[in-house]
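Below is one structure, written out as structure tokens, with a few remarks after it.
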Amino acid sequence: CLIFFLSCAINESVELDLKTKLDDAKELFDDGKYSKAKDQFEYIIYNNPGSSYALNAQYYIAECFYMLEDYGQASKEYDKLNMLSQDPELIARSKFLICKCIYMLSSESNKDQNQTTFTIDRIQLFLEEYPNTPHKDECESMIKNLRTKLAKKEIDAGRLYLRIEKYDSALIYFNLVIVEYYDTIYFDEALINTVLTHILKGELKVAEAFLNDNEKKFISNKSFERAKQILKDAKEGSK
């Protein structure tokens with residue numbers, strides 16, 4: 001009996017210590033001291049893995065890395081939380097924040113875009129799994145921003161070929177924007193550059209036919225007027 005009571009007393013002491021450390025760590029987190037808080041949460045996990053305290057600490061560790069803008073590590077910690085937690089709401093939030101982390105890590109438009117494409121796919125999978133998520137608008141905004149990055153890369157490639165007079169190659173990239181990225185701010189630019197490219201190729205009739213066929217597709221009437229002026233100047237022989 002004495003051993004039993006001693007064991008209970010030790011367990012209660014350990015639990016009290018963990019609870020105290022968890023409360024102290026949460027206070028550090030609330031005060032914005034994320035690095036110090038993270039160390040405390042890690043102590044709890046290492047000293048009582050598998051406990052409810054450890055699960056709670058895992059959530060906060062992921063949050064600490066996120067607030068410290070270490071999005072790569074935050075994504076890994078949220079992923080650990082998903083494997084440990086049985087709380088559907090917490091899992092859904094973690095999956096959303098993983099999407100947000102990899103979104104923050106996505107490369108600039110002038111770099112390799114494999115990560116950007118992967119991020120779009122990941123966010124779309126999240127939306128398919130949680131169609132009624134309260135984060136739907138933010139997810140759609142992230143996808144739109146990522147698609148805009150991809151469109152800019154294609155536009156920049158087209159302009160490069162235009163400058164070096166590789167007109168057929170330029171048209172391929174402008175057409176890609178028109179077909180794939182019709183919902184971005186670069187759509188009108190692709191239409192205008194297509195008109196310009198045909199003009200530079202000496203294909204005034206093709207440029208005019210293209211403009212007439214796509215008049216209603218321009219997002220901005222100002223962009224259409226700009227393309228029309230370019231064609232008019234070309235017809236009049238302006239430089």
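Quick check: anything in segment 129-142 more than 26 Å from A92 (Cβ to Cβ) and touching a residue at least 24 places away in the same chain (Cβ under 8 Å)? If you could, list the steps in order and put the result at the bottom.
Of segment 129-142, the ones more than 26 Å from A92 (Cβ to Cβ) are none.
The answer is no; no qualifying residue exists.
Name the residue that is nearest to A234 (Cα to Cα), counting only residues in segment 151-181 that are among the aliphatic types (A, V, I, L, M) and open to solvent by 70 Å² or more (accessible area, probe 1.4 Å).
Restricting to residues being among the aliphatic types (A, V, I, L, M) and open to solvent by 70 Å² or more (accessible area, probe 1.4 Å), the top hit is I164.
Looking only at residues that are farther than 14 Å from I102 by Cβ and either of a type in the set (F, W, Y) or in a helix (DSSP H, G or I) (or both) in segment 119-133, which one is least open to solvent (accessible area, probe 1.4 Å)?
L127
Picking from K95, K38, K76, which residue would you name as being assigned to a helix (DSSP H, G or I), open to solvent by 70 Å² or more (accessible area, probe 1.4 Å) and either at pLDDT 90 or above or farther than 26 Å from E129 by Cβ (or both)?
K76
Could you say whether any residue in segment 134-143 is open to solvent by 70 Å² or more (accessible area, probe 1.4 Å) and either part of a loop (DSSP other than H, G, I, E, B) or among the small types (G, A, S) (or both)?
yes
Where residues in segment 79-92 are in a helix (DSSP H, G or I) and in contact with a helix residue (DSSP H, G or I) (Cβ under 9 Å, 6 or more places away or on another chain), which of them is most open to solvent (accessible area, probe 1.4 Å)?
Here the answer is L84.
Only residues that are over 23 Å from Q229 (Cα atoms) and not in a loop (DSSP other than H, G, I, E, B): list them for segment 151-172, please.
A151, K152, K153, E154, A157, S169, I172
Return the residues of segment 187-202 that are closer than 14 Å to K153 by Cβ and either open to solvent by 10 Å² or more (accessible area, probe 1.4 Å) or not aliphatic (A, V, I, L, M) (or both); say none if nothing qualifies.
Matches in segment 187-202: E189 only.
Quick check on this structure: which one of T148, T184 is in a helix (DSSP H, G or I) and either open to solvent by 60 Å² or more (accessible area, probe 1.4 Å) or not acidic (D, E) (or both)?
T148
Quick one: in segment 55-73, of everything that is in contact (Cβ under 8 Å) with a residue 24 or more places away in the chain and hydrophobic (A, V, I, L, M, F, W, C), which residue is most open to solvent (accessible area, probe 1.4 Å)?
Ranking the candidates gives M67 first.
Would you please name the residue that is nearest to N56 (Cα to Cα), looking only at residues in segment 1-35 that are modelled with pLDDT of 55 or more and hydrophobic (A, V, I, L, M, F, W, C)?
Once the filter is applied, the top-ranked residue is L22.
What's the number of the only condition in (1) in a helix (DSSP H, G or I); (2) open to solvent by 60 Å² or more (accessible area, probe 1.4 Å); (3) in contact with a Phe, Trp or Tyr (Cβ under 8 Å, 6 or more places away or on another chain) that E225 fails to meet?
So E225 meets the others, but not (3).
Any residue that is aliphatic (A, V, I, L, M), touching a residue at least 40 places away in the same chain (Cβ under 8 Å) and under 23 Å from I120 (Cα atoms) - is there at least one of those in segment 143-159? Let's see the steps before the verdict.
To start, the set of residues in segment 143-159 that are aliphatic (A, V, I, L, M) comprises 143, 146, 150-151, 155, 157.
Within this subset, residues satisfying the condition of being touching a residue at least 40 places away in the same chain (Cβ under 8 Å) are 146, 150.
Subset that is under 23 Å from I120 (Cα atoms): 146, 150.
Yes, segment 143-159 contains a residue that is aliphatic (A, V, I, L, M), touching a residue at least 40 places away in the same chain (Cβ under 8 Å) and under 23 Å from I120 (Cα atoms).
The values are calculated or read from the model by the stated rules, or taken from the named source; none is laboratory data. Predicted model only: the values in this text are computed from it and were never measured. Heads up, the Cβs are rebuilt from the backbone with ideal geometry, glycines too, and the neighbour counts pull from every protein chain shown. Accessible surface areas use protein heavy atoms only, side chains included; no ligands, DNA or RNA. Shrake-Rupley method; radii C 1.70, N 1.55, O 1.52, S 1.80 Å.
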